[in-house]
Each structure stands twice: as structure tokens, then as C-alpha cells.
Amino acid sequence: MADIERIESAAVDRLRAAPDLDRLRELETELTGKQSELSGAKRALGGLGPDERREAGLALNRVRAAVSEAADGRRAELEAAARATRVAAERLDLTEVRAERSAGHLHLVTQTMEELEDVFVGMGFEVAEGPEVEDDWHNFTGLNLPAFHPARDMQDTFFVDRGEPGDVVLRTHTSPVQLRVMAEQGPPIYVVIPGRVHRNEARDATHLATFHQIEALVVDRGITFGHLAGTIEAFTRAYFGAGFSSRLRPSYFPFTEPSAEFDIQRPDGSWLELGGCGMVHPNVLRNGGIDPEQFTGFAFGFGIDRLALTRHGVADLREILSVDVRFLEQF
Ligand code: FA5
């Protein structure tokens, strides 16, 4: 009986200490198989008297049950540990990583300007730029706006104290670059002109004194108003998406004839005013050194700031000047 008790406690201890499932399986064979002490003890029962044999037989059955219970318990533990290891190894971390310190990013207006340039470049346009400090001729006179022309009042001007009074201005629109590209490059012309412009205006929810425009200019043989309308429609779909469309309304600009304002329609049916456009006026072509009998062209231009904020549902244009990181971080 003492042997049987020793066999039981040794077997249970070894099973509980099995380091893995393979070793556990080996131990089970070793402890309960034919060669095991347990089987040996069972065989020895035959040499005992009837009472002793009965007692020892019951004890051996108890040991067998205890050994198999210890093995089952250890197996369950080892299987649970293996499952946990496998789950940990297969786990996908889908948490968005946010750097502790952000390196900052481009301002919403710059982002929008670059997106617009990308769309136009994708449509085959080249990007052209010109100076922000401009002479009167490029900003007004050369664009068919002679001195004292009433349409000059459409764009209140900041004058630079240089040369004769009124000679040098901060450009009020990107259109003066039209004349520069015509003179420098000549037709065929397919350019977009992004840039910063300035007007002597009181700031309010829809006006800034410094804002941004982008302007397209095409000059080639046989360019028609149909090309203008089609290009604006193609741009609208390329930039805003297939659910958007455009419309033109008659308007007036001294540098285009005929002229129009263009709006885009959102998928919900509402309209957003975007900018001005028209066929380049023959006087402007001539001022750019191009023969209007040979070439025709169209131009369109619009404000970037209003567009950028409308897209993000920001109501007040003055937010563009905000230095509040909580505002800037949103875009
Ligand atoms: C022009 O500046 C013309 N040069 C546009 C043009 C180009 C017409 C080529 C024909 C051919 P306008 O003054 O309407 O047009 O200004 C164009 C856009 O600039 C406006 O639609 C608006 O989006 C934006 N804008 C004008 N004033 C301000 C302002 N104070 N603050 C913010 N955006 C403005």
C-alpha cells in the first residue's frame, strides 16, 4: 500500500510539471503503459491474499483515476497556453498610429491649390506664374482696362509707392499673367496660373484683402466658346466628382468678350458661384503680341479660398487667417 501511495504522488507531480504537450504524452505512456510501475503493481496483485488483493486493487484503480485526472488537467492548461500564444502571434494591430509630435502639414489653401494644379496638369495644362508686385499695364491697361475705365472700380487696388503714382500695384487678380505668357510663349497656349492676389477690401465672412486665385488660359487656332464650356464642365467633374455639373451666366469682364460667370451644381441640386470666364478679348490678344485674326482663346479664373472652405463647411473666410492649431489640424 505504501508503494502504491508513492507511485501515485510521484506520477501526479511529474504530470503536473510536464513542460509541453509532447512531453505530457510521453509521460502518460511511461506512467500507465505496460512497462510502468502501475502495471507492475497490478501484476503483483496475484501474489496477495484475497483481502489484501481487494484493498490493493481498489487503491490501484484510485491511482489510475488520479493519474488520468492529473494528465487531463495538465493537458487543458498546456492547450490553453498554446492557444493564447497563437492568438497573440496572429493578432493584427489595426490601431491608427498617431505620432506624439506632428511635423505639421500644408495649410488648407495650399493643399487645395496643389490639388487644383494636379487636376489641370492631368487635363494637359502647364503651370505658369507671375509677379505679385505688378505694373499697371499688366494688371489693368493691357487687359483692356485703360486709366479711368469705370471697371477698375471692380477691384479696389493697393498701390506701391514706386515710380509715378499709380504705376506699380499689388496685382488684384491672376489675369496679368495672361499677358506675360502670351508675350513670352506665344500660341498655342494651355496654361493654368495659380497665385496670391490683393485687394483693398474690408475683411468679412466672404472677403479677404489677400486671397488666392487660379486661372486657365487657352490660345490656339479655332478655339470657341464651346471649348470654354466643355473645359469648365470637364474640370468640374474631374475635381469635384461625377455628381457635379457647371453652368454659365452672362456677365461682364473688360478682358473677355463675351463674358460669363460660372457656377457649379452640387449633387443636392444647390449652386456654388465659382468665378468668371470668357473668350479672350481681341485687344488683349493684340496686347500679348498675338494676331486675333489667326488665333482665338478663352480664359477662366476663380477664388481658391472660398472654394477650400466651402468644401469643408467652414462659413467664415477669416478662419483662413487663424493660427489656432486646433482649427488648422482638422485639414
Ligand atoms: C476676376 O478677378 C477675374 N480676373 C476672373 C476672370 C479671369 C474672368 C479670366 C474672366 C477671365 P473677380 O473679381 O470676380 O474676377 O474675382 C474672381 C474670384 O475671386 C471670385 O469669384 C471670388 O471667388 C474670388 N474673390 C474675389 N474677391 C475676393 C475677396 N475679397 N476675398 C476672397 N475671394 C475673392
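The values are calculated or read from the model by the stated rules, or taken from the named source; none is laboratory data. Computed from a predicted structure; not experimentally measured. Neighbour counts are summed over all protein chains in view; Cβ atoms, including those assigned to glycine, are modelled from backbone coordinates with ideal geometry. All accessible areas refer to the heavy atoms of the entire protein, side chains included, with ligands and DNA or RNA removed. Shrake-Rupley method; radii C 1.70, N 1.55, O 1.52, S 1.80 Å.
Overview of values
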| read-out | value |
| --- | --- |
| Carbon/sulfur fraction of accessible area - the chain, other protein chains in place, 1.4 Å, % | 51 |
| Selection of trypsin sites (Lys or Arg not before Pro), the range 88-189, meeting DSSP coil and at most 16 other Cβ within 10 Å | R91, R98, R101, R162 |
| Semi-axis lengths (Å, descending) of the ellipsoid that matches the C-alpha gyration tensor of the chain | 92, 21, 16 |
| Of the GluC sites (Glu not before Pro) in the range 249-331, those whose Cβ has at most 10 other Cβ within 10 Å and which sit in DSSP loop | E293, E329 |
| Candidate residues S36, S270: accessible-area rank, largest first, probe 1.4 Å | S270, S36 |
| Equivalent-ellipsoid semi-axes of the range 73-194, from the Cα gyration tensor, Å, largest first | 63, 18, 10 |
| Interchain or long-range residues, amide H under 5 Å from S259's placed H | S251, F253 |
| Between 0 and 90°, nearest 10: helix 50-90 axis offset from the chain longest Cα axis | 10 |
| Sequence-distant residues sharing a close amide H with T206 (under 5 Å, placed H) | L317 |
| Whole-Hz couplings from phi, Karplus 6.51/-1.76/1.60, listed for the range 131-141; x for Gly and Pro | x, 7, 8, 10, 8, 4, 4, 5, 6, 10, 4 |
| Mean projected area in nm² (Cα convex hull; one quarter of hull surface) for the range 1-156 | 21.5 |
| The range 1-47: C-alpha gyration tensor shape, a/c 1.5 cut-off, then a/b vs b/c | oblate |
| Reciprocal of mean inverse Cα separation for the range 224-288 (Kirkwood radius, Å) | 12.5 |
| Interchain or long-range residues, amide H under 5 Å from G275's placed H | F262 |
| Mean accessible surface per residue for the range 155-262, computed with a 1.4 Å probe while every protein chain stays in place, in Å² | 44 |
| Equivalent ellipsoid semi-axes, the range 213-327, via Cα gyration tensor eigenvalues times 5, rooted, Å | 31, 17, 11 |
| Relative pair counts by distance (%), Cα atoms of the range 13-74, 5 Å bins | 4, 18, 25, 21, 14, 10, 6, 2, 0 |
| Loop-located trypsin sites (Lys or Arg not before Pro) in the range 1-38 whose Cβ has at most 15 other Cβ within 10 Å (DSSP) | K34 |
| About the Cα centre, charge dipole magnitude for the chain (Lys/Arg +1, Asp/Glu -1 at Cβ), debye | 1580 |
| Kirkwood hydrodynamic radius of the range 156-281, from inverse mean 1/r over distinct Cα pairs, in Å | 16.4 |
| Paramagnetic label zone (point 7 Å from Cα along Cα-to-C-beta, F327; backbone N under 11 Å) in the range 94-137 | none |
| Gained length - E257 relative to A65, 0.36 nm times residue gap less alpha-carbon distance | 58.8 nm |
| Per residue solvent-accessible surface (Å²) - the range 1-153, probe of 1.4 Å | 69 |
| Approximate spin-label separation A234-A80, in nm, with each point projected 7 Å along Cα-to-Cβ | 6.9 |
